[in-house]
Amino acid sequence: MMQNYQAIINFIQTLYKTKEFLPLHEPKFIGNEKKYLNECIDSTYVSSVGAFVDRFEKEFAEYVGSRYAIATVNGTAALHIALLLADVGRDDEVITQPLSFVATCNAISYTGAEPIFVDVDLETMGMSPNALELFLEQNCQIVDAKCINKTTNKIIKACVPMHTFGHPCKIDTISEICEKWYITLVEDSAESLGSFYKEKHTGTFGRVGAFSFNGNKIITSGGGGVIVTDDETLAKRAKHLTTTAKVPHKWEYIHDEIGYNYRMPNLNAALLVAQLEQLEKFLASKRQLTKKYVDFFTDYENIDFFTQPKDASSNYWLQAILLQNRDERDKFLEFTNTHGIMTRPVWRLLNNLDMFKDAQCGELTNALYLQERVVNISSGVAL
Ligand SMILES: *Cc1c(COP(=O)(O)O)cnc(C)c1O
């Protein structure tokens with residue numbers, strides 16, 4: 001087995017043409033990054049007002065096919081505001097998946113709401129529409145066009161599926177279920193820029209979508225995020241909430257509610273505009289990498305390489321394999337991380353973290369299955 005693992009390392013080192021320790025996903029700055037950063041500094045507009053922020057929002061909205069985009073300091077802030085736009089607050093509940101990065105659930109908690117976890121699909125690693133529907137049928141009822149959780153008597157206001165590692169979940173079916181149950185769909189598309197489901201960009205199925213541009217994402221602004229929506233009222237509200245709820249005025253400082261300092265600085269937007277110009281190139285490179293992995297892993301009976309689900313075009317943000325069981329997973333992690341290649345297991349399930357351990361859950365069979373087997377392998381753009 002260890003010989004097999006060494007062969008995997010050799011293969012990856014050839015792909016990336018390096019023998020140095022290889023991080024999981026390194027950013028690439030090979031376009032206009034320095035040029036735009038210099039322009040931004042020379043303009044003196046380095047903070048949260050500036051031409052690059054406006055330009056980024058316009059170009060991003062165009063790329064994903066959304067009417068409005070509102071840039072934020074990070075993806076968690078984008079999700080937090082997205083949930084506020086969905087009118088989520090104290091005493092509400094939000095359905096999400098246990099297999100996700102902690103930010104999904106942190107954002108829910110910032111609003112004062114409680115999370116509920118339903119299972120993921122084995123084909124997508126994202127929220128399972130069947131698990132969602134089953135949970136609602138067994139635990140909820142509709143009263144006055146609201147979804148009431150019969151166990152807690154609270155309103156389930158929103159549902160937050162996540163497109164795991166960039167693979168689109170069955171978002172159209174999830175959207176239909178949410179509509180039927182009067183639940184607002186908020187998409188955590190933090191990982192899925194460049195991923196489409198039935199030709200429509202992820203993040204644009206819900207009332208609101210949120211993306212991240214953290215250093216490890218497919219494109220980065222250092223730190224950054226964006227909210228997308230087709231609803232003009234929500235877009236205006238997003239801008240208002242992210243800019244300390246300041247009432248526009250030439251000199252007066254009047255704020256009409258408690259807002260947030262969540263606007264993306266122009267400096268970060270300058271970097272991001274340059275990164276967005278290279279997205280197509282990055283996507284092509286990742287698809288090539290996937291092809292090579294698929295060919296390579298066909299010879300490995302005990303390892304499944306994860307490929308995009310049906311009806312989806314995935315950005316393959318993080319490449320993933322499934323080992324036979326937890327023991328094999330741990331051996332693989334130990335061997336690769338001590339022999340020059342960074343690999344990592346999928347996140348600890350959110351319902352197993354201390355702060356969310358009392359949350360209500362559906363059956364989580366698939367999430368548990370994946371947690372024991374999934375490992376992310378080298379995914380950076382190799383040019
Ligand atoms: C990266 C990420 C976020 C947001 O992350 P930030 O670091 O705050 O930009 C949210 N959800 C998921 C699933 C993520 O992977």
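Values computed for the structure shown
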read-out: Every pair of residues 6+ apart whose Cβ atoms lie under 6 Å, when the first sits in region 68-82 and is assigned by TED's automatic domain parsing to the domain that holds Gly225 and touching a residue at least 24 places away in the same chain (Cβ under 8 Å) while the second is among the hydroxyl-bearing types (Ser, Thr, Tyr) and near the ligand (Cβ under 8 Å from one of its atoms); value: Gly75/Ser212
read-out: Per-region count, region 227-286, residues under 20 Å from the mean Cα position of the chain (by Cα), in a loop (DSSP other than H, G, I, E, B) and of a type in the set (A, V, I, L, M, F, W, C); value: 1
read-out: Among the candidates Ser66, Ser48, residue that is of a type in the set (Gly, Ala, Ser), within 29 Å of Ala235 (Cα to Cα), surrounded by 13 or more Cβ atoms within 10 Å (Cβ to Cβ) and under 23 Å from the mean Cα position of the chain (by Cα); value: Ser66
read-out: One residue from Gly224, Gly206 being closer than 19 Å to Ala71 by Cα and within 12 Å of the ligand (Cβ to nearest atom); value: Gly224
read-out: Options Thr18, Thr14: the member that is over 26 Å from the mean Cα position of the chain (by Cα), free of Cβ contacts under 8 Å to residues at least 40 places away in the same chain and not in a helix (DSSP H, G or I); value: Thr18
read-out: Scope region 334-351; condition within 28 Å of Pro115 (Cβ to Cβ) and either buried (at least 16 other Cβ atoms within 10 Å of the Cβ) or free of Cβ contacts under 8 Å to residues at least 24 places away in the same chain (or both); matching residues; value: Pro345, Val346, Trp347, Arg348, Leu349, Leu350, Asn351
read-out: Matching strands (runs of 3 or more DSSP E) fully within region 45-121 where at least 3 residues are within 16 Å of the ligand (Cβ to nearest atom); value: 68-72, 92-96
read-out: Members of region 122-137 that are under 19 Å from Lys180 (Cβ atoms) and part of a loop (DSSP other than H, G, I, E, B); value: Ser128
read-out: Of the criteria (1) under 16 Å from the mean Cα position of the chain (by Cα); (2) away from the ligand (no atom under 16 Å from the Cβ); (3) crowded, with 24+ Cβ neighbours inside 10 Å, which one Met125 fails; value: (2)
read-out: Residue selected from region 167-205 under the condition among the acidic types (Asp, Glu) and in a loop (DSSP other than H, G, I, E, B), by the criterion surrounded by the fewest Cβ atoms within 10 Å (Cβ to Cβ); value: Glu199
read-out: Subset of region 102-112 [buried (at least 23 other Cβ atoms within 10 Å of the Cβ) and closer than 13 Å to Ala82 by Cβ]; value: Thr104, Ala107, Ile108
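The values are calculated or read from the model by the stated rules, or taken from the named source; none is laboratory data. Just so it is clear, the structure is predicted and the values come from calculations on it, not from any experiment. Because the Cβ atoms are built from the backbone with ideal geometry, glycine has one as well, and the counts that use them run over all protein chains shown.
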